[in-house]
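No value in this document is a laboratory result; all are computed from the given coordinates. Predicted model, so just to flag it, every value in this text is computed and none were measured. Cβ coordinates were reconstructed from backbone atoms using ideal geometry, including for glycine residues, and neighbour counts include every protein chain displayed.
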Amino acid sequence: MPKKYHVPVKMAIPRFNPVGKYTTVEFREDCAGSCRKCVKKACVYNIFKDNYKHIATMEDPEYLYACQSCFRCVQECTRGIFSRVINPDYRSLGNDYWTSDIIHRTWYQAHTGKIPVSGAGYRGPFAGEGFDSMWTDMSEIVRPTRDGIHGREYINTGIELSRRNARLSFTKDGTLLSKTLPIFEIPVPLIFKQPEFGVLSENVLQSMAQSAYILGTMLLIDPQYYSENFRSLAQCLIPVLSKKNYHDFLEHVQGIRMVELTYCSGISEVIEDLRTSRPELIISVGVELNRDALSRALEIAKFEADTIHFYANERGREFDSENPMFLKEMIREVHLALVDNRIRNRINLIFSGGIAMAEHVAKSIICGADGVAIDLPLLVALECRLCRQCIKGETCPVKIGNINPDWGKQRIINLVGAWRNQLIEVMGAMGIREARRLRGEVGRSMWFEDLEKESFGPIFGERKA
């Protein structure tokens, strides 16, 4: 029986009070002060325990992260002094893509390692932009096959980052003639990526690198941030190198198993040089998702690269376009182009940009990706509020640069543990046991655009562009 992959989830208490969604407003002048069973003491979530401290110090109480909106205090107070409100600071978190709900959910998962569950049921959109217009098939929940959704501990979420033989040749007696290529696997279909902004202190990057090491995945890192303190973690680092600096970096840094080369003219020569001098090295090529991405994917797939990493912007859209396509359409387009040219199995595809929730991982793979790279969720796991004050040169409100790497490491591990469990739930509901099997399985999904076209196209005709 194969050994089960385990994510070591453990509670990681927030350093600062997170910005909660709900809180209760008290009108204390109406409080009788003589209730023998005050509803504050009866709160099952104990959210009022620090109120007296705030009163003693003449400070405003923090908005309550633990409030579960059960309305018990509002309904049971005999004087009616409580009312529930939404925290105005909560509304200002993030932006219209990285919403306050996403940030809050990520904090919870990094804190507990658990899947966030709402007793009020799903209240999100059933149709919208990007991944919101894509639904996944859950038929195995209500129509289980042989062992259906049971035995989920044997669901494999691993993927390869190494290239595969296009074909195998054998002798008449069955001896393998083809040269076998090295196999490089990671146990989860996601890698980490150093964010484009944020307080990227060594403590922050150590948290990311150490968690990648424990989880068995990889971290894409800018070589200028590399130091001797990362030497013991070199095997989980993917330095993002250029045609100019790849030779010098690899000459002075030992233990690197994989590199990413930024796409440029003459990239094939660099790949060929590395294949000659470092044949054991896994090579990825980083490509910006723009109008040239498709042609570059076809070009790179014919070289001896192992993986292509496509970068979308942080909202999951292509660059340099007046009407940018969303990530899911771009993934599908690249995947199908490689399939049509019969070279899809030669190369692995990793996509980053706009991957904000666990469901985006499964949906990206269904569209045709092998895996994804995440960046901003790592910062949010470390209590970042995406306020972008650091970009303006202002002080970080949660002093993220001073975190303890051990604490930060656990927060990221918890996040990945929660995301992986959600991926397993989705795969189990589909009756799929391998993340590799999920790749390109659009038949296991429904797209709102297609359903709308099929349902209303015959009535209203085709929409004009």
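Observations, loosely collected:
- Backbone HN-Hα couplings from phi across segment 366-375 [Karplus 6.51/-1.76/1.60, Hz, Gly and Pro as x]: 4, 5, x, 7, 7, x, 10, 10, 10, 10
- Check: the chain dipole with +1 on Lys, Arg Cβ and -1 on Asp, Glu Cβ, in debye: 1500
- Virtual spin-label span in nm between Phe249 and Leu281, 7 Å along Cα→Cβ: 1.0
- Long-range HN-HN contacts of Glu288 with modeled amide H, under 5 Å: Tyr311
- Taking the C-alpha atoms only, the angle from helix 202-215 to the longest principal axis of the chain is near 70 degrees.
- Each of Asn345 and Tyr225 was given a label point 7 Å from its Cα along the Cα-to-Cβ line. The distance between the two points is 3.7 nm.
- Averaging the Cα positions of each part gives two centres, and for segment 278-302 and segment 1-47 these lie 48 Å apart.
- Residue-averaged 222 nm ellipticity for the chain, from DSSP H runs of 4+ at -39500 (n - 2.57), nearest 500: -9000 deg cm²/dmol
- Greater than 25 Å apart at Cα, pairs in Lys244/Lys392; Lys41/Lys409; Lys243/Lys302; Lys363/Lys453: Lys244/Lys392; Lys41/Lys409
- Taking the centroid of alpha carbons for each part, segment 423-439 and segment 335-391 are 17 Å apart.
- For segment 153-451: relative contact order, % (alpha-carbon pairs under 8 angstrom, 6 or more apart): 22
- Relative to the compact-globule estimate of 2.2 N^0.38 Å, the Cα radius of gyration of segment 153-451 comes out at 1.00.
- Convex hull per residue volume in Å³, alpha carbons only, for segment 202-309: 107
- When the alpha carbon coordinates of segment 154-260 are projected onto the principal axes, the ranges are 60, 40, 23 Å, largest first.
- Residue-wise HN-Hα couplings along segment 349-364, as the Karplus relation 6.51 cos²θ - 1.76 cosθ + 1.60 with θ = phi - 60° gives them from phi, are 10, 10, 10, 9, x, x, 7, 10, 9, 4, 5, 5, 5, 4, 5, 5 Hz; Gly and Pro carry x.
- Annotation: amide H-H contacts under 5 Å for Ala369 (H modelled 1.01 Å from N, sequence separation of 5 or more, or interchain): Gly440.
- Distant-in-sequence amide H partners of Leu190 (H built 1.01 Å from N, under 5 Å): Val372
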